[in-house]
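Trainee: One structure follows; several queries about it will come next.
The values are calculated or read from the model by the stated rules, or taken from the named source; none is laboratory data. Quick caveat: nothing in here was measured; it's all calculated off a predicted structure. Ideal geometry is used to build each Cβ from the backbone, glycine not excepted, and the neighbour counts take in all protein chains shown. Note: accessible area is taken over every heavy atom of the protein model, side chains too, but ligands, DNA and RNA are not part of it. Shrake-Rupley method; radii C 1.70, N 1.55, O 1.52, S 1.80 Å.
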Amino acid sequence: MKLKNSIAWDVLAGLLTWFLVFMLSLWLMWPNDTLWPLWPWVVPLFALNGACFYWVTRSDERNEPLAPSALICYILQLLSALALNWMLPLDYLAILSIIWVSVLPYLVSMRTAVLITLALLAMWYGVDAALEQRSMWITGLLFSSFHFFALLMKHQARSEQKAKQELQQTHQHLLATQDLLMMASQQQERTRIARDLHDVLGHHLTALTINLQVAGHLTQGEAKTKVEQCHQIAKLLLSDVREAVSALREQQHFSVYQALETLLTDVPGVKVHWDCPVDVELADVKVAQQLLLIVREALTNTLRHSHASEFYLSVTPAGHFVQLVIYDNGKVASDWKPGNGLTGMKERVASCAGTLQWLVKDSHFQLQLTLPAGLPL
């Protein structure tokens, strides 16, 4: 979880723990004539360790592969912790390796994290035992349990974070679908009202107009004048009904902007940049539904496969069609192949008589699709 205007709580806890270890080490070195001369090395190593930890964990969502600079920092954090442990005969310095291990669940699978932790512990306490010429199995066993406790807790926190993100994505999709269903219901109701006005009221008004026209030929004098007035009123009323029916049918459009706004607001795990004119509309609820499903699938692919931090969507009206361009800042593997997600997108677009193309541009995957708007020019 992230503080409102600061860093994440777990990062803050890690930095506080690092600071306490740092201060305690200086306090223990001060009266020791053998250790205190090492401070010109110890202080920079501690500073490097803390700075690297913060650099690696500064991101809100630590679920993407580390950038080269962050990976170098992560390695330097471990090396600085090892150097401090080998320079200072202080068993509690293993806390620095616990802080390092706590980041692993965000970067690799749990199985890989366990293997890395075992290798680290073997190296850490194996070298300690060789340098100090004493048995380290009790200390090693104790701190090993702390390492795996931190690892499991972080893995659990990461799993809960991912589950929360997936739940939020599902919730947003349900909200978008709910809005779409509401608009579809409104469309059906307008269609029903328009049909009833045309079939029932329009029919009766037509019959009334004909009868009044016939009555006008059968009457004389003032009665004829009144009948003709009624005839004109009936014709005007029939014209108004036809205009109302046409207006109801013309309002049967779906707002693309409204549907996307619900789907793309506050997406966890990625920053969404989207551009869509407010007046872009679709005439068919099926096309609107497929558009939402395609955008959702593209967003899911970005979160699961590309490990991108930013997602881009552009919607452009083009006559009878709506064009969408979707891409992110993730890197595409050289051996990638289309999966079920892309196949499903292609089938959805084909069911709407649209087109779908994908390409790799500057190592970024891009989708270009065109869907029929169904609106008159």
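Trainee: Of the peptides 68-76, 156-164, 319-327, 91-99, how do they stack up when ordered by the mean number of other Cβ atoms within 10 Å, highest first?
Mentor: 91-99, 319-327, 68-76, 156-164
Trainee: Using 1/(1 + (r/R0)^6) with R0 = 41 angstrom and r between the beta carbons of residue 141 and residue 305, what's the FRET efficiency to the nearest 0.05?
Mentor: Once the sixth-power term is evaluated, E becomes 0.55.
Trainee: Which order do peptides 263-275, 45-57 fall in by mean Cβ count within 10 Å, highest first?
Mentor: Ranking, from highest mean packing down: 45-57, 263-275.
Trainee: Assuming 0.36 nm per residue, please report the length gained on full extension of the stretch residue 210 to residue 118 beyond their Cα-Cα distance.
Mentor: Result for the pair: 23.6 nm of gain on full extension.
Trainee: Also, I was wondering about something else. Please list, in order along the range 273-285, the HN-Hα scalar couplings obtained from phi with the Karplus expression 6.51 cos²θ - 1.76 cosθ + 1.60 (θ = phi - 60°), rounded to whole Hz, x for Gly and Pro.
Mentor: Values per residue, Gly and Pro as x: 10, 9, 10, 8, x, 5, 8, 6, 9, 10, 8, 10, 5 Hz.
Trainee: Set the Förster radius R0 to 41 Å, insert the Cβ-Cβ distance between residue 237 and residue 325 as r into 1/(1 + (r/R0)^6), and round the FRET efficiency to 0.05.
Mentor: 0.25
Trainee: Once you have the Cα-Cα distance between residue 71 and residue 32, take 0.36 nm times their residue separation minus that, and quote the gain in nm to one decimal.
Mentor: 10.5 nm
Trainee: Turning to a different aspect of this structure: If each residue of separation counts as 0.36 nm, what is the full-extension length gain between residue 149 and residue 15 once their alpha-carbon separation is subtracted?
Mentor: 46.4 nm
Trainee: Per-residue accessible area for residue 225 at 1.4 Å probe radius, Å² rounded to 10?
Mentor: 70 Å²
Trainee: State, to one decimal in nm², a quarter of the convex hull surface area for the C-alpha atoms of the range 272-377, i.e. the direction-averaged projected area.
Mentor: The directionally averaged projection comes out at 6.5 nm².
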